[in-house]
């Protein structure tokens with residue numbers, strides 16, 4: 001194996017084309033460049049960790065679907081080419097999950113193209129930071145995110161949330177009013 005460095009835009013592109021919790025950057029590149037449709041991140045994992053990753057992904061997907069249904073009572077479909085953007089007739093939600101319980105830090109990354117899509121949506125749009133093992137989300141209306149991130153000319157947004165104090169560290173933003181507890185905690 002060799003080590004390579006990629007810029008943020010390329011890394012975001014790789015994330016968007018990755019199968020969550022299964023693909024490594026290598027397998028995404030193998031699929032896209034070498035057209036190896038059988039490549040998965042499973043070859044980089046032990047059998048046990050591959051099963052754990054698949055289970056974690058399934059639980060997170062179920063959590064996200066339950067959240068969207070219970071919160072909005074609408075049918076959402078996946079918005080391609082994104083793996084975690086959902087759209088109903090009038091709403092759009094970009095849902096990012098963090099699957100480690102009781103973590104002191106929640107790390108997320110919102111790619112530039114996802115932000116552009118959300119900013120241009122004519123209905124209600126949200127960025128949702130989900131923590132399925134702990135049974136809650138932070139549901140941020142895109143207009144409020146736009147007002148906070150207005151100084152960012154372009155690019156992705158790195159997100160570091162202090163869950164204990166419900167604060168988005170980069171913006172020193174109190175997220176408590178946006179916290180939604182779900183009864184279907186994993």
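Read the figures in this text as sums done on the coordinates, not as results from a lab. Keep in mind that this is a model prediction, so the values were computed, not measured. Using ideal geometry, Cβ is built from the backbone for each residue, glycine included, and neighbour counts are taken over all protein chains shown.
In table form, for the structure just shown:
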quantity: Sorted by Cβ density within 10 Å, fewest first, the residues 86, 178; calculated: 178, 86
quantity: Sites residue 11 and residue 166 - FRET efficiency at Förster radius 45 Å, r taken between beta-carbons, to 0.05; calculated: 0.95
quantity: Residue order, fewest to most surrounding Cβ atoms within 10 angstrom, among 84, 3, 62; calculated: 3, 62, 84
quantity: Rounded, prolate or oblate (a/c below 1.5 giving rounded, otherwise prolate when a/b exceeds b/c) for the stretch 58-157 by Cα gyration tensor; calculated: oblate
quantity: Theoretical gain in end-to-end length, residue 34 to residue 72 [0.36 nm per residue, Cα-Cα removed]; calculated: 9.6 nm
quantity: Taking the stretch 59-181 and dividing mean pair separation by its residue count, relative contact order in percent (alpha carbons under 8 Å, at least six apart); calculated: 22
quantity: Potential extension, residue 120-residue 26 segment - 0.36 nm per residue separation minus Cα distance; calculated: 30.6 nm
quantity: Residue order, fewest to most beta carbons within 10 Å, for 103, 156, 147, 90; calculated: 147, 90, 103, 156
